[in-house]
Amino acid sequence: MSSRARLSEDEITAALAALPQWSREGDSIARTADAPDFPAAVRVVVAVAEQAEALDHHPDIDIRWRTLRFVLSTHSAGGLTGLDFTMAARIDEALRAES
Ligand code: HBI
């Protein structure tokens with residue numbers, strides 16, 4: 001499901017159901033999470049960066065002290081694709097590793 005083909009509304013709804021921490025924001029999905037402290041938040045960003053490079057798919061990342069916000073969309077498709085949901089799951093894994 002990690003292709004760059006734009007997903008249908010039904011596919012988006014189904015994919016979001018498997019990612020309860022994420023919410024739809026227009027043509028993107030987004031998640032906010034608090035790390036235990038600032039160094040842990042930075043470690044999450046480093047782990048996410050490595051996964052983003054591996055997938056060639058990069059989230060928008062906002063870090064404020066220990067609060068992280070991730071926003072995903074597939075710019076080249078002008079909307080949501082399977083890559084967004086694959087990357088969202090990897091972001092969840094990186095957050096769990098620092099929780
Ligand atoms: N990341 N979120 C996101 N969306 C893209 O379209 C994208 C990307 N990272 C790299 C990338 N595209 C390149 O493969 C080129 O398509 C620009």
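Summary of values
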item	result
Boolean, SER73 is within 15 Å of LEU16 (Cβ to Cβ) and open to solvent by 10 Å² or more (accessible area, probe 1.4 Å)	yes
Residue that is farthest from GLU93 (Cα to Cα) [pool: residues in the stretch 20-67 that are touching an Asp or Glu at 6+ places or on another chain (Cβ under 7 Å) and among the hydrophobic types (A, V, I, L, M, F, W, C)]	ILE29
Given (1) within 16 Å of the ligand (Cβ to nearest atom); (2) in contact with a Leu (Cβ under 6 Å, 6 or more places away or on another chain), index of the condition ALA33 fails	(1)
Residue match in the stretch 43-66 (condition: more than 13 Å from the ligand (Cβ to nearest atom), open to solvent by 20 Å² or more (accessible area, probe 1.4 Å) and in a loop (DSSP other than H, G, I, E, B))	yes
Number of the condition not met by ARG90 [criteria: (1) open to solvent by less than 10 Å² (accessible area, probe 1.4 Å); (2) away from the ligand (no atom under 12 Å from the Cβ); (3) under 22 Å from ASP27 (Cα atoms)]	(1)
Verdict on SER99 being loosely packed, with under 15 Cβ neighbours inside 10 Å, modelled with pLDDT under 95 and not charged (D, E, K, R)	yes
Residue list for the stretch 68-87, filter: in a helix (DSSP H, G or I), near the ligand (Cβ under 10 Å from one of its atoms) and either in contact (Cβ under 8 Å) with a residue 40 or more places away in the chain or within 15 Å of SER8 (Cβ to Cβ) (or both)	SER76, ALA77, LEU83, ASP84
Meets criteria (part of a strand (DSSP E or B) and either free of Cβ contacts under 8 Å to residues at least 24 places away in the same chain or of a type in the set (Gly, Ala, Ser) (or both)) for ALA14	no
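The values are calculated or read from the model by the stated rules, or taken from the named source; none is laboratory data. From a predicted model like this one, the values you see are computed outputs, not experimental measurements. Cβ sites come from the backbone with ideal geometry, for glycine too, and all protein chains shown count toward neighbours. Only protein heavy atoms, including side chains, enter the accessible area calculation; ligands, DNA and RNA are left aside. Shrake-Rupley method; radii C 1.70, N 1.55, O 1.52, S 1.80 Å.
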